[in-house]
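See structure below.
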Amino acid sequence: MNDLLMKIFNIGIVPIVTLDKPQQAVPLAEAIYGGGIECAEITFRTIAAEESIKVISKEIPEMLIGAGTILTVEQVDKAVAAGAKFIVTPGLNSKIVKYCLNNGVTIIPGCVTPSDIETAIELGLEVVKFFPAEAAGGIDMIKAMSAPYATIKFMPTGGIDIKNLNTYLSFNKVVACGGSWMVNKDLIASGNYEIVTKLSKEALFAMLGFEVQHVGINMPDVTSAIKTANKFENLFGFAKQEFSNSFFSGPNIEVMKKQLLGKNGHIAVRTNNVMRAMYYLRKAGVTFNDETASYSEAGGLRSVYLKDDIGNFSVHLIQKK
C-alpha cells in the first residue's frame with residue numbers, strides 16, 4: 001500500500017460526513033479530531049462539499065480529508081483542488097479510476113462482486129470500498145470474496161457502527177472502516193459537537209480495545225519468585241505454573257525469576273492491533289523500545305514495550321489473538 005493508504009490503515013476509522021452548510025465544516029472537523037480521529041470523508045452529496053473540504057484543509061491541515069460519492073472526473077478535479085487527499089466512489093467507474101491513477105490521486109472505488117474486484121486488480125488497485133457493507137453480506141461476504149484474491153484489501157462502509165466495527169477490523173484484509181454514526185445528520189444539524197467528540201473517542205478506544213492482560217512482578221531470584229507465587233496460590237487459589245523466566249499465578253499475575261524491565265515489574269496491555277495502537281500512542285507522545293519488538297511467524301508485530309515506565313512499571317503492548 002502507498003503511504004496514504006497506510007495512514008488510513010493506521011487511523012482505522014473514516015467518519016463519513018455529509019454537510020449542508022460549509023459553516024459546519026470546521027467545528028465538525030475539530031470535534032472529530034478532538035476525539036482522536038484525524039480523518040474524514042466529505043461526501044459530494046450536497047453543494048457544500050467542495051467549500052467544506054477547502055476550509056477544513058486550510059484551517060485544520062492535520063486532518064486527512066477525502067472526498068466521497070464522487071461520480072465524475074469533474075468532481076475529482078474540484079475535490080482535489082479544494083484539498084482532498086483521496087477519492088472514494090460508490091461504484092467501480094473505470095473512467096474515474098484511470099483518471100485518478102494517471103494524475104497521482106489515491107482512489108478507493110466501491111466493489112461488491114468478484115467481477116468488480118478483478119477489474120480493480122486489473123486497473124492496479126490495492127484497496128477497494130465494500131459498499132453497502134452490511135446489506136451486501138457483511139464480513140462473511142468480504143471473507144468469501146477475498147479468498148481468491150490475495151492482493152486486494154477492503155474499506156467496508158454502510159451499516160457499520162461501534163457494535164460491529166471490530167468484527168470487520170479483526171479481518172486482516174480490512175484496511176479501515178467507514179461510518180457515520182459519530183457524525184450523523186441530527187448531531188450536525190443541532191451543532192452538538194461535544195457529542196461528536198465523545199462518540200469519536202468511544203469509537204477510537206473500542207477499535208484499539210485496550211485491556212490489562214497481566215501484571216508482572218520483578219523478584220531478585222528464583223527462590224523469592226517461588227515464595228511469592230506460592231503465597232498467591234495458598235491465599236487465593238491462583239494455581240502456580242512455571243515457565244522459563246517466570247511463574248504465572250493464575251492467568252493475570254506473573255512472578256519474574258529475576259529483575260527484568262521496570263523497577264517493580266511490567267504491565268501487559270492487550271490491544272486489537274499493536275501497529276495501530278502504536279500509531280495513536282505516538283501521537284500522544286509515547287515512544288517505544290524497538291529492540292523489544294517481537295513478531296509472529298507470519299511477520300506481524302506481536303508485542304513491544306513502551307520506552308518509559310509508568311508508576312515504576314514497564315508497559316508492553318500485546319496483540320490479541
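The values are calculated or read from the model by the stated rules, or taken from the named source; none is laboratory data. Computed from a predicted structure; not experimentally measured. Ideal geometry is used to build each Cβ from the backbone, glycine not excepted, and the neighbour counts take in all protein chains shown.
Under 6 Å between Cβ atoms, which residue pairs at least 6 apart in sequence (or on different chains) link something in region 224-236 that is in the same structural domain as residue 254 (by TED's automatic domain parsing) and within 20 Å of residue 259 (Cβ to Cβ) with a partner that is crowded, with 16+ Cβ neighbours inside 10 Å and of a type in the set (Lys, Arg)? Matching pairs, first to second residue: 225/257; 229/240. What are the residue pairs meeting all of these: first residue in region 308-321, first residue more than 24 Å from residue 169 (Cα to Cα), second residue small (Gly, Ala, Ser) and surrounded by 17 or more Cβ atoms within 10 Å (Cβ to Cβ), Cβ atoms under 7 Å, and 6 or more apart or on different chains? Matching pairs, first to second residue: 309/262; 312/262; 313/262; 313/265; 314/262.
Whether a residue is under 17 Å from residue 5 (Cα atoms) and either of a type in the set (D, E, K, R) or outside the structural domain of residue 176 (by TED's automatic domain parsing) (or both) was assessed, and residue 126 passes this test.
Quick one: in region 291-319, of everything that is outside any strand (DSSP E or B) and at pLDDT below 95, which residue is surrounded by the most Cβ atoms within 10 Å (Cβ to Cβ)? Write out each step before concluding.
We begin by selecting, within region 291-319, every residue outside any strand (DSSP E or B); these are 296-300, 307-309, 311-312.
Next, only the ones that are at pLDDT below 95 stay: 296-300.
On the way: 296: 10, 297: 6, 298: 7, 299: 7, 300: 12.
That would be 300.
The numbered conditions (1) over 38 Å from the mean Cα position of the chain (by Cα); (2) in contact (Cβ under 8 Å) with a residue 40 or more places away in the chain are all true for residue 216 except (1). With respect to residue 288, determine if the residue is surrounded by 14 or more Cβ atoms within 10 Å (Cβ to Cβ) and farther than 20 Å from residue 312 by Cβ. No. Of all residue pairs spaced 6 or more apart or on separate chains, those with beta-carbon atoms under 7 Å, a first member in region 54-68 that is in the same structural domain as residue 109 (by TED's automatic domain parsing) and a second member that is of a type in the set (S, T, N, Q) and surrounded by fewer than 24 Cβ atoms within 10 Å (Cβ to Cβ) are 65/57; 68/43. With respect to the conditions (1) surrounded by fewer than 16 Cβ atoms within 10 Å (Cβ to Cβ); (2) more than 18 Å from the chain's Cα centre (by Cα); (3) not polar (S, T, N, Q), residue 163 falls short on a single one, namely (2).
Answer with yes or no whether residue 75 is assigned by TED's automatic domain parsing to the domain that holds residue 170, free of Cβ contacts under 8 Å to residues at least 40 places away in the same chain and not hydrophobic (A, V, I, L, M, F, W, C). Give the steps one after another, and end with the answer.
Details: assigned by TED's automatic domain parsing to the domain that holds residue 170: yes; free of Cβ contacts under 8 Å to residues at least 40 places away in the same chain: yes; not hydrophobic (A, V, I, L, M, F, W, C): yes.
Yes; evaluated as a whole, the condition is true for this residue.
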